[in-house]
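For reference, the structure discussed in these notes is given below.
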Amino acid sequence: MSARPEPGPGILEIRPYVGGKGGHLPGRVHKLSSNESALGPSPAALEAYARAAATLSVYPDGGYGGLRPAIAERHGLDAGRIVCGAGSDEILAHLAHAYLRPGDEAIHSAHGFTIYRLITLAEGASAIAAPERNLTSDVDAILASVSPLTRIVFIANPNNPTGTYIPGAELRRLHAGLRPDILLVIDAAYGEYVEASDYETGASLVASSENVVMTRTFSKVHALAALRLGWAFCPAHIADVVNRLRLPFNLTTPTIEAGIAALGDVAHVEASLAHNAVWRARITEELSGLGLEVTPSAANFVLAKFPSEPGRTASEADAFLNQRGIYLRRVTDYGLDNHLRMTVASEDANREALAALRAFLAAP
Ligand SMILES: Cc1ncc(COP(=O)(O)O)c(C=O)c1O
């Protein structure tokens, strides 16, 4: 017998998630470390949030009021198969809890979003990293990593922190190669930002199969990260499972109302996407011009590899930027020791970050 309560298997292997720096620091800072939106939320979402203050004494609608129909309409999906969560993180965790048992395996790509590993370990299951090719998910490597113990494959498309994506045809090839009892989770948190014509969010794979879920978020293009709002489009039997697991009031009324209003402000989303496209290209070009190795990004951030010579490394660049109130994201927890990830931010923040990097790399 243990002398004190002990957590379940795997839980103490979890290294708690560390978010991007700069969010709550005093003074004038530029935070380009958490892939937040450059333009902020829709004014309509802010108004709806404020209006909801009048209803704070009343429990929220556990079925999310008009939010599911609004998501369904905007994305052309069946509202009955949409579940919402306090961030897409919450839904990912419910999926892991529902479909992984101790000893099972879940696969993620080598530089896949870190949450997949955390939620897998939390179930006493093993997180299997499939090698990537050119910092991009590799369908053949993922399929080669499948074992009789595999229960879930997580794929972020585009992926964070690499910004790379695989085309819809590759997603379908991945699905076709998986046993039907393996759940394929397609995390399209950055799906709105992709411009490539061969990209697919995964919604049609969900609609035509029993073992695919697509997750999305309001934290990125809708700029509501602080409200914690995500959703998933699922086969009916999986929506039913997540609805049993989620707590009854997992979304607040201000969140539901702001979400509905954000979906309605199509012009704001378009402005946000236009800003992202312009600055993503510009940041990519300028960082490449500085001699950094930039990974082509389909999302709202750019990953850059620094030279290995002393005085030019990512860690020294990070310290140099931090002294000037500029915060990019170190990605050592992804095994990318000499890279920094730069979120596409406001024009001011982008210009200042690029100027600081220019000064850093120009120093003798
Ligand atoms: C790939 C990916 N998926 C999911 C999330 C989580 O989003 P949410 O804020 O909806 O929990 C993030 C957040 O950075 C992400 O990068």
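The values are calculated or read from the model by the stated rules, or taken from the named source; none is laboratory data. Remember, predicted model here, so these are calculated numbers, not experimental data. Every residue, glycine among them, receives a Cβ derived from its backbone with ideal geometry; neighbour counts consider all protein chains shown.
List, please: which pairs have Cβ atoms under 8 Å, are six or more places apart or on different chains, and start with a residue in the stretch 209-224 that is over 14 Å from L273 (Cα atoms) and charged (D, E, K, R) and end with one that is part of a strand (DSSP E or B) and near the ligand (Cβ under 8 Å from one of its atoms)?
These pairs meet every condition: R216/G230.
Select from the stretch 115-142 the residues that are farther than 16 Å from L171 by Cβ, of a type in the set (A, V, I, L, M, F, W, C) and touching an Asp or Glu at 6+ places or on another chain (Cβ under 7 Å) and write down the one among them that is surrounded by the most Cβ atoms within 10 Å (Cβ to Cβ).
Across the stretch 115-142, the extreme among qualifying residues is A125.
Every residue in the stretch 303-319 that is under 27 Å from the mean Cα position of the chain (by Cα) and either free of Cβ contacts under 8 Å to residues at least 24 places away in the same chain or closer than 15 Å to A362 by Cα (or both), please.
F306, T313, A314, S315, E316, A317, D318, A319
Taking the stretch 123-150, which residues are over 28 Å from E293 (Cβ atoms) and in contact (Cβ under 8 Å) with a residue 60 or more places away in the chain?
The answer is E123, G124, A125.
If we scan the stretch 82-95, do we find a residue that is among the polar types (S, T, N, Q) and under 22 Å from T215 (Cα atoms)?
Within the stretch 82-95 (the criterion being among the polar types (S, T, N, Q) and under 22 Å from T215 (Cα atoms)), the answer is yes, since at least one residue qualifies.
Can you go through A72, A79, A106 and tell me which one is surrounded by 18 or more Cβ atoms within 10 Å (Cβ to Cβ) and either farther than 30 Å from S147 by Cβ or at pLDDT 95 or above (or both)?
A106
Can you name the number of the only condition in (1) more than 21 Å from the chain's Cα centre (by Cα); (2) surrounded by 17 or more Cβ atoms within 10 Å (Cβ to Cβ); (3) not in a helix (DSSP H, G or I) that A298 fails?
If we test A298 against (1) more than 21 Å from the chain's Cα centre (by Cα); (2) surrounded by 17 or more Cβ atoms within 10 Å (Cβ to Cβ); (3) not in a helix (DSSP H, G or I), just (1) comes out false.
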